[in-house]
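Below: the structure, in structure tokens.
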Amino acid sequence: MSAPTFARPHPLWWLLIVGGLGLVALLVHCDAAYQWWCEHVTELFTRPVLWGIWVGAVVAHVLEARHAHKLAVRHGLHEEATAWTLQTLMLGYPSLHLLKQACANQGESA
């Protein structure tokens, strides 16, 4: 059995990414939140633009999580594959980057 390779990105990544996606989802799905945002922050982003940003981010994170799972399994990280997949689903790039580093540190290129 190999040494554990699961790593967590800096907490700031969690705050920025999960908070940002949550905010965009709130603005897309809640009329009152969107109205407040337009009155107090900016009217720069229309609802359709925010919807596109949110859907694009969700699709990107799902695809990154799928890739993370395949990568972890391919490199023999079967016990950690689920953790890498779920973390990458939430964070995207920061998690996938750490997984690629872990795979490279095992002597295999990711």
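Observations, loosely collected:
- Sorted by Cβ neighbour density within 10 Å, fewest at the top, the residues 67, 40: 40, 67
- For the chain, the longest principal axis of the alpha carbon atoms and the long axis of helix 81-91 meet at an angle near 30°.
- Equivalent ellipsoid, the stretch 47-106 (semi-axes from 5 times Cα gyration tensor eigenvalues, Å): 26, 10, 7
- A simple rule links phi to the HN-Hα coupling: the Karplus curve 6.51 cos²θ - 1.76 cosθ + 1.60 with θ = phi - 60°, which for the stretch 8-24 gives 10, x, 3, x, 4, 4, 4, 4, 5, 6, 5, x, x, 5, x, 5, 4 Hz, with x for Gly and Pro.
- If R0 is 35 Å, the Cβ-Cβ spacing of residue 30 and residue 97 corresponds to a FRET efficiency of close to 0.60.
- Value of Rg/Rh across the chain [Cα atoms, Kirkwood radius]: 1.12
- Calculated mean residue ellipticity at 222 nm for the chain: -24500 deg cm²/dmol, from DSSP H runs with n ≥ 4 weighted as -39500 (n - 2.57), summed, divided by the residue count and rounded to 500.
Each value in this text was obtained by applying a stated rule to the coordinates, not by laboratory testing. All of these numbers come straight from a predicted model, not from anything done at the bench. Here Cβ is always computed from backbone atoms with ideal geometry, including for glycine, and neighbour counts include all displayed protein chains.
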